[in-house]
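K.L.:
To start, I am sharing the structure in question, which I have written as structure tokens.
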Amino acid sequence: MSLRVAAAAPFVQNGTRRIRENEFVVALSLDRDWFSPDQAKRLVDVATQEGLLERDGDDLVATFDPADVTVPEEFVPDEDVLRERSAFERVLEALVAEGLEKHEAVGAINALQNDLEITIEVAAVVYARRQGVDVSELVPVAKSALLEAREEE
């Protein structure tokens with residue numbers, strides 16, 4: 001969840017859920033020295049795509065409560081947070097965050113994919129739901145992947 005922590009840091013620093021985008025970039029690049037300004041802008045794009053942030057004019061609004069996120073003093077995000085992740089990767093992260101073992105989840109998702117003859121994204125969403133993990137924000141992505149796969153057949 002380092003993307004959530006990195007995205008939360010400027011909001012926590014300012015004690016708010018809304019911040020100007022340029023202040024967000026300054027907080028990550030100059031104040032914390034975690035990223036270059038361009039990388040901080042990329043983090044905005046990734047966090048927005050993943051539903052953690054919303055743009056409102058020149059402002060960024062956290063879709064979660066930043067006060068619920070702890071930013072450890074020694075925390076430094078990996079550059080991996082700047083990479084867009086597939087729906088499968090995002091579901092897998094949610095499953096692991098809920099305490100499931102990664103290798104067990106991957107095996108179960110692969111088995112479900114083979115049994116039901118569906119895409120890996122759909123299998124991941126179905127498995128997560130069966131495990132009681134809310135990944136509803138990824139259902140449209142999984143559905144789109146399924147429809148694309150069906151069109152290719």
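K.L.:
Volume per residue, Å³, of the convex hull around the alpha-carbon atoms of the chain?
P.N.:
Once divided by residue count, the hull of the chain is 124 Å³.
K.L.:
Tell me, what ³J(HN,Hα) does each residue in region 15-32 have, in order and in whole Hz, if you take phi through Karplus 6.51 cos²θ - 1.76 cosθ + 1.60 with θ = phi - 60° and put x for Gly and Pro?
P.N.:
Taking θ as phi minus 60°, the curve returns x, 8, 9, 10, 8, 5, 4, 5, 5, 4, 4, 4, 4, 7, 8, 9, 5, 9 Hz for region 15-32.
K.L.:
I've got another one for you. Report the label-to-label distance for Ser136 and Asp31 in nanometres (one decimal), using points 7 Å from each Cα along the Cα→Cβ vector.
P.N.:
Placing both labels 7 Å beyond Cα along the Cβ direction yields 3.2 nm.
K.L.:
Same structure, new question: Going 7 Å from the Cα of Ser2 toward and past its Cβ, which residues in region 9-36 have a backbone nitrogen under 15 Å from where you end up?
P.N.:
Residues 9, 33-36 fall inside that zone.
K.L.:
Efficiency by 1/(1 + (r/R0)^6): what FRET value for His103 and Arg17, r their Cβ-Cβ distance, R0 = 30 Å, to the nearest 0.05?
P.N.:
0.25
K.L.:
Hey, another quick one. Looking only at Phe75, Phe11, Phe24, which one moves most when the chain is put into a Gaussian network model with springs between Cα atoms under 10 Å?
P.N.:
Maximum among the listed residues: Phe75.
K.L.:
Shifting gears a bit: Do any trypsin sites (Lys or Arg not before Pro) in region 103-147 lie in a loop, going by DSSP, with at most 16 other beta-carbon atoms within 10 Å of their beta carbon, and if so which?
P.N.:
Those that pass, being in a loop and sparsely packed, number zero.
K.L.:
On to the next question. At 1.4 Å probe size, what's the solvent-accessible area of Glu148? Round to the nearest 10 Å².
P.N.:
Around 100 Å² of this residue is reachable by solvent.
K.L.:
Can you run phi through the Karplus equation (6.51, -1.76, 1.60; θ = phi - 60°) for region 69-84 and list ³J(HN,Hα) in whole Hz, with x for Gly and Pro?
P.N.:
Once θ is set to phi - 60°, the couplings for region 69-84 become 9, 8, 9, x, 3, 8, 5, 9, x, 6, 5, 4, 5, 7, 9, 5 Hz.
The values are calculated or read from the model by the stated rules, or taken from the named source; none is laboratory data. Just so we're clear, the structure is a prediction, and the values are computed from it rather than from any experiment. Cβ sites come from the backbone with ideal geometry, for glycine too, and all protein chains shown count toward neighbours. The protein model used for the area step is the full one, side chains on, heavy atoms only, and it has no ligands, DNA or RNA in it. Shrake-Rupley method; radii C 1.70, N 1.55, O 1.52, S 1.80 Å.
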